[in-house]
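The values are calculated or read from the model by the stated rules, or taken from the named source; none is laboratory data. Here the structure is a predicted model, which is why all the values come from computation and not from measurement. Every residue, glycine among them, receives a Cβ derived from its backbone with ideal geometry; neighbour counts consider all protein chains shown.
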Amino acid sequence: MADNLTNLPEFTVSEISQAVKRTLEGNFERVRVRGEISGFKRATSGHLYFALKDEEAKLDGVCWRGTAGRLAIAPEDGLEVIATGRISSYPGRSSYQLIIESLELAGEGALLKLLEERRKKLAAEGLFDPARKKALPFLPEVIGVVTSPTGAVIRDILHRLHDRFPRHVLIWPVLVQGEGAKDQIAAAIAGFNALAPGGKIPRPDLLIVARGGGSLEDLWAFNEEVVVRAAAASRIPLISAVGHETDTTLIDFAADMRAPTPTAAAEMAVPVRAELLADVLQDGARLARALRRLGEEARLRLEALSRGLPRPGQLIAEKAQTLDGWIDRLFNARGGYLERRREALASAFAALRTPRQQIEAQQVALGHAGERLASAIRALRKDKAQRLDLARLDPGRLAQMLARLSERLEGLGQLLDSLSYQRVLARGFALVRDGAGLPVLAAASVRPGAALVIQFADGDVPVTADAGPPGAVRKSMGEREPAGSSAAKTSGSKPQGSLF
């Protein structure tokens, strides 16, 4: 037995590892393995490492960097997939692994489950909140389109925009499926938003993210989280036009507006130019009719108001007549004023005295003053002599003398009171004074329009002299002629003398 064991061939570790490797690769040259992704890791070299597992076993897998860029879906933990590749071994660890060449989801149900879970997660963060959505501009000047530069989608959008209302269109070409599509789409949305207003490249007023129809796997790039977040963060209003009307992707929830098709997105972006022109013409016609109606109403209102106004010629004639009256009054007033000033000047001139007349008047006044002084001296001497005589009189005679003097003084007072002009006023006469308070002694000295004051026994009455020839007696309106005046004229008796 021992000899049999010693006859077995010897292998090195490397030889055994290579033999196992050839055996695995020869028997499992191309296989499809279904399982759930676990322990996903992306190395700095770009290679992908993860394991496929089911309820009873686990199979390590690796996807080289060149193949990873062509995968239809992005691997992640918990995702049930079908991996296509070949079985090989890794001699350094004495383990076997699946060299993955392609990756696809294991059935549409699993994909829809992942889609729903992602939708709930993003909705919980508020990315689909209707309050965040922006209104589309009515007529954008520049429209940015994120789509594949080839294919029918971009041609349909450009054709529809040209038919409805031609606009300036900027195209950001991207991949719409496969590895790298999600990053390019997100970068295109962010790039349009990064353009400065008024820069060399115009900043779009509206964005359209578009793709034609396809399977759920074909449209999966628009369900990726990075694309949805880029659409929700866009400051430019965004229309999502991915797939056909029955297709729904997560970017539709984050966009400001969802279009069922790319062609419908172009219809939402701009109005129909012909319809706008028709509306403008119709509104212009309505405005013209309204203006004509307002003008006609204003004209009728003005005519109605004008009928109640006098004619301009009549107004001018009336004002001209009033002006003529004022001119006549001005000339009359000027003549009277000059005449009054001339008479005042003559009176002032007549009142002037020459130096000789002034000296003579001062001499006369000096003589009168001398006489009054001499009379006062005599009276003083006489009074002194009387005081001396009174001193020699006895009290009885002095009392009799004082009584006689008192009676005489009282009589003189009564005479003075009877001769006072106040007594005359009490009998019905009046005293006329001028503006300076001096008595008016003659009617000829009163000028028309002069201010006078008539003093009665019980008060004063201010009056204004009426115009008329000097010395003429004018009766006031309603004044009655004194009784007996006619008889006095006929009998030839003298009229009562003037108080002045």
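Condition test on residue 209, is it part of a strand (DSSP E or B), under 17 Å from residue 263 (Cβ atoms) and either of a type in the set (A, V, I, L, M, F, W, C) or modelled with pLDDT of 90 or more (or both)? Yes, satisfied. Hey, could you check the stretch 446-468 for residues that are surrounded by 12 or more Cβ atoms within 10 Å (Cβ to Cβ) and touching a Leu at 6+ places or on another chain (Cβ under 8 Å) and say which is farthest from residue 341 (Cα to Cα)? Across the stretch 446-468, the extreme among qualifying residues is 457.
Would you confirm, using the coordinates I've provided, whether residue 118 is basic (Lys, Arg), outside any loop (DSSP other than H, G, I, E, B) and more than 53 Å from the chain's Cα centre (by Cα)? No; evaluated as a whole, the condition is false for this residue. Summed over the stretch 309-331, residues that are aromatic (Phe, Trp, Tyr) and at pLDDT 80 or above total 1.
Table: residues versus (1) over 42 Å from the mean Cα position of the chain (by Cα); (2) buried (at least 20 other Cβ atoms within 10 Å of the Cβ); (3) within 22 Å of residue 112 (Cα to Cα); (4) of a type outside the set (Val, Ile, Thr).
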{"site": "150", "(1), (2), (3), (4)": "yes, no, no, no"}
{"site": "202", "(1), (2), (3), (4)": "no, no, no, yes"}
{"site": "222", "(1), (2), (3), (4)": "yes, yes, yes, yes"}
{"site": "245", "(1), (2), (3), (4)": "yes, no, yes, yes"}
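Given the criterion surrounded by fewer than 12 Cβ atoms within 10 Å (Cβ to Cβ) and either within 15 Å of residue 267 (Cα to Cα) or among the basic types (Lys, Arg) (or both), identify the matching residue among 113, 120. Only one candidate qualifies: 120. Checking the structure you have, find out if any residue of the stretch 228-249 is in a helix (DSSP H, G or I) and touching a Lys or Arg at 6+ places or on another chain (Cβ under 9 Å). Yes, the stretch 228-249 contains a residue that is in a helix (DSSP H, G or I) and touching a Lys or Arg at 6+ places or on another chain (Cβ under 9 Å).
With respect to the conditions (1) modelled with pLDDT of 90 or more; (2) over 25 Å from residue 69 (Cα atoms); (3) outside any helix (DSSP H, G or I), residue 156 lacks only one, and its number is (3).
With respect to the conditions (1) closer than 16 Å to residue 147 by Cβ; (2) part of a loop (DSSP other than H, G, I, E, B); (3) under 39 Å from the mean Cα position of the chain (by Cα), residue 196 lacks only one, and its number is (1).
Against the list (1) without any contact (Cβ under 8 Å) to a residue 60 or more places away in the chain; (2) assigned to a strand (DSSP E or B); (3) within 30 Å of residue 12 (Cβ to Cβ), the condition residue 93 fails is (2). Of everything listed in (1) in a helix (DSSP H, G or I); (2) within 13 Å of residue 209 (Cβ to Cβ), the single unmet condition for residue 123 is (2).
Looking only at the stretch 302-348, how many residues end up being under 22 Å from residue 449 (Cβ atoms) and either touching a residue at least 12 places away in the same chain (Cβ under 8 Å) or not hydroxyl-bearing (Ser, Thr, Tyr) (or both)?
Matching residues across the stretch 302-348 total 22.
Of note, residue 101 satisfies the criterion of being touching a Cys at 6+ places or on another chain (Cβ under 9 Å) and under 19 Å from residue 40 (Cβ atoms).
Go through the residues of the stretch 131-152 one by one and say whether even a single one is closer than 24 Å to residue 254 by Cβ, part of a helix (DSSP H, G or I) and at pLDDT 90 or above. Looking through the stretch 131-152, at least one residue is closer than 24 Å to residue 254 by Cβ, part of a helix (DSSP H, G or I) and at pLDDT 90 or above.
With the structure loaded, tell me whether residue 313 is outside the structural domain of residue 448 (by TED's automatic domain parsing) and surrounded by fewer than 10 Cβ atoms within 10 Å (Cβ to Cβ) or whether it fails that test. Criteria met by residue 313.
Could you go through the stretch 146-155 and let me know if any residue there is touching an Asp or Glu at 6+ places or on another chain (Cβ under 7 Å) and either in contact (Cβ under 8 Å) with a residue 60 or more places away in the chain or assigned by TED's automatic domain parsing to the domain that holds residue 259 (or both).
The answer is no, given that none of the residues of the stretch 146-155 is touching an Asp or Glu at 6+ places or on another chain (Cβ under 7 Å) and either in contact (Cβ under 8 Å) with a residue 60 or more places away in the chain or assigned by TED's automatic domain parsing to the domain that holds residue 259 (or both).
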